[in-house]
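Participant: Here's a structure for you.
The values are calculated or read from the model by the stated rules, or taken from the named source; none is laboratory data. Predicted, not measured: the structure shown is a model, and the values here were computed from it. For neighbour counting, all protein chains shown are included, and Cβ atoms are generated from backbone atoms with ideal geometry for every residue, glycine included.
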Amino acid sequence: MKILVINAGSSSLKYQLIDMANKKVLAKGNCERIGIGGGKLSYKNFAGQSYEYNIDMPNHTVAFNNVKNALISGDEAVINSLSEITAIGHRVVQGGALFKHSVLVDEEVINGIESLNDLAPLHNPAHIQGIRAAVEAFGREVPQVAVFDTAFHSTMPPKAYIFGIPYEYYEKYQIRRYGFHGTSHRYVTGKCLELLGREEAPEGTKIITCHLGNGSSIAAVKDGLVVDTTMGLTPLDGFIMGTRSGAIDPSVVTFLAEKENLSPKEMSDLLNKQSGFLGLSGISSDDRDVTAAAKEGNERAILTQDILRYQIIKYIGSYIAAMGGVDAIVFTAGIGENQTSHREEICEGLSFFGVELDKEVNASKRGELAEISTASSKVRVYVIPTDEEIVIAEDTAALVKSLIE
């Protein structure tokens, strides 16, 4: 069974073709600048050959057709026929309270995703474009599956997801904490349970998963189920990120809006696109650039990193309290998998919980699965590279098998 995994943005379409027989990625790439001119298709096959094509792609259907051609044509072909593609799995950011697990796509599901557009105006409309384009390009006989970023967090209790505003707004607009990066948190939680020898019996386990990248979130996972997470109604909540402010006093929003005469959209842009690492350091939204500047003594870069580590330590500490302990802490995603100094400082700040980091092992591990805690540490600490695409592919394969059976 071969599954095509899709992550559609408003002007992009990322894809991977995965052979589920051996979980091998046969091809992957991205269609960029869809609908805005100057389109580019990047493509890499399992043999390591990379290709780039400048192709005008006025819409997602044209983008899909170019992906189809790349998969079966010329030297870069990885399959003989499109009939080898069993199904298509789509990443969908916001499933709200409607979708608590992955589902086969039909018109009712599309309408449901569309009804949540107000909660994810930059993402859900693009996902719908991708789904409709896939149907048009591949036909309705190829099953489509939607896998939701929010689904893994749907086990949170009301005390964790209800905000302290008049309850009527939760009832009227579904304003609540949803959480994001769910497929990543789900994947690394599963791997961590395997490492703990508890994949078949997660009851009693307490795990904190830290997805640290340009966008970041932390989840508290008890008995294999999420009980709290840092992102809220949108991915803006939590701690500082590449360009996002993270949680701030709500009065900052009204104060700044009045002082700077900013519209709601301008205020949203400031908090989502001009804050975080970029706004604090004045250097870059990329942690690697901020780290380099900090090493050279740049005070604002040093402050940015101090704030990031401090906030992460606070969240982890609060989740340890919420769960009544912790068995393991997991670092994943671009920063979590590669930034050894962040891991060291964060673990040092948690040493009073019994976290002991093997500094030598930690310093040598980037982008690979590893335990970085000492043998005597009361809390296991792991680096687990995330793989959201395989989660999407596995869910898609399982739902397609249910159709056959």
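Participant: Name, by its number, the condition in (1) in contact (Cβ under 8 Å) with a residue 24 or more places away in the chain; (2) assigned by TED's automatic domain parsing to the domain that holds D287; (3) among the small types (G, A, S); (4) more than 30 Å from S275 (Cα to Cα) that does not hold for A370.
Facilitator: Of (1) in contact (Cβ under 8 Å) with a residue 24 or more places away in the chain; (2) assigned by TED's automatic domain parsing to the domain that holds D287; (3) among the small types (G, A, S); (4) more than 30 Å from S275 (Cα to Cα), only one is false for A370: (1).
Participant: Given the conditions (1) of a type in the set (A, V, I, L, M); (2) in a strand (DSSP E or B); (3) under 30 Å from D106 (Cα atoms), report the number of the one that A393 does not fulfil.
Facilitator: Among (1) of a type in the set (A, V, I, L, M); (2) in a strand (DSSP E or B); (3) under 30 Å from D106 (Cα atoms), A393 violates only (2).
Participant: So, in segment 188-218, how many residues would count as being buried (at least 24 other Cβ atoms within 10 Å of the Cβ) and of a type outside the set (V, I, T)?
Facilitator: 6
Participant: Moving on. Name the single residue, out of those in segment 335-358 being in contact with a Gly (Cβ under 6 Å, 6 or more places away or on another chain) and in contact (Cβ under 8 Å) with a residue 40 or more places away in the chain, that is nearest to K314 (Cα to Cα).
Facilitator: Per the stated criteria, the residue is I335.
Participant: Further question on the same structure: For segment 150-163, state whether one or more residues are buried (at least 24 other Cβ atoms within 10 Å of the Cβ) and touching a residue at least 60 places away in the same chain (Cβ under 8 Å).
Facilitator: Looking through segment 150-163, at least one residue is buried (at least 24 other Cβ atoms within 10 Å of the Cβ) and touching a residue at least 60 places away in the same chain (Cβ under 8 Å).
Participant: Look through segment 378-402, keep the residues that are surrounded by fewer than 23 Cβ atoms within 10 Å (Cβ to Cβ) and hydroxyl-bearing (S, T, Y), and return whichever of them is modelled with the highest pLDDT.
Facilitator: My answer is Y382.
Participant: For T205, only one of the following conditions fails: (1) assigned by TED's automatic domain parsing to the domain that holds I329; (2) of a type in the set (S, T, N, Q); (3) out of contact with any Lys or Arg (no Cβ under 8 Å at 6 or more places or on another chain). What is its number?
Facilitator: The one condition T205 does not meet is (3).
Quick grid of which residues meet (1) farther than 19 Å from H185 by Cβ; (2) among the aliphatic types (A, V, I, L, M); (3) over 19 Å from the mean Cα position of the chain (by Cα); (4) not in a helix (DSSP H, G or I):
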| site | (1), (2), (3), (4) |
| --- | --- |
| G336 | no, no, no, no |
| H342 | no, no, yes, no |
| E348 | yes, no, yes, no |
| K401 | yes, no, yes, no |
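Participant: Can we say Y53 is farther than 28 Å from A120 by Cβ and hydroxyl-bearing (S, T, Y)?
Facilitator: So Y53 fits the description; yes.
Yes or no, residue by residue, for (1) surrounded by fewer than 20 Cβ atoms within 10 Å (Cβ to Cβ); (2) of a type outside the set (D, E, K, R):
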site	(1), (2)
M241	no, yes
R244	no, no
L256	yes, yes
L270	yes, yes
G276	no, yes
G279	yes, yes
E296	yes, no
I302	yes, yes
Q311	yes, yes
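Participant: Of everything in segment 102-132 that's in a loop (DSSP other than H, G, I, E, B) and free of Cβ contacts under 8 Å to residues at least 60 places away in the same chain, which residue is surrounded by the fewest Cβ atoms within 10 Å (Cβ to Cβ)?
Facilitator: Here the residue is D106.
Participant: Something else about it: Can you tell me which of K159, K206 is of a type outside the set (F, W, Y), modelled with pLDDT of 95 or more and under 27 Å from L308 (Cβ atoms)?
Facilitator: The conditions single out K206.
Participant: Still on this model: List the helices (runs of 4 or more DSSP H) inside segment 137-252, counting only whole elements, that have at least 3 residues being under 22 Å from E388 (Cα atoms).
Facilitator: 182-195
Participant: I'd like to check something: does segment 183-192 contain any residue that is under 30 Å from S81 (Cβ atoms) and assigned by TED's automatic domain parsing to the domain that holds L13?
Facilitator: The answer is no, given that none of the residues of segment 183-192 is under 30 Å from S81 (Cβ atoms) and assigned by TED's automatic domain parsing to the domain that holds L13.
Participant: Which of (1) under 30 Å from T234 (Cα atoms); (2) not in a loop (DSSP other than H, G, I, E, B) does A97 not meet, given it meets every other one?
Facilitator: Among (1) under 30 Å from T234 (Cα atoms); (2) not in a loop (DSSP other than H, G, I, E, B), A97 violates only (2).
Participant: Going by the structure shown, is G74 loosely packed, with under 13 Cβ neighbours inside 10 Å, farther than 27 Å from L122 by Cβ and not basic (K, R)?
Facilitator: Yes: the conditions hold for G74.
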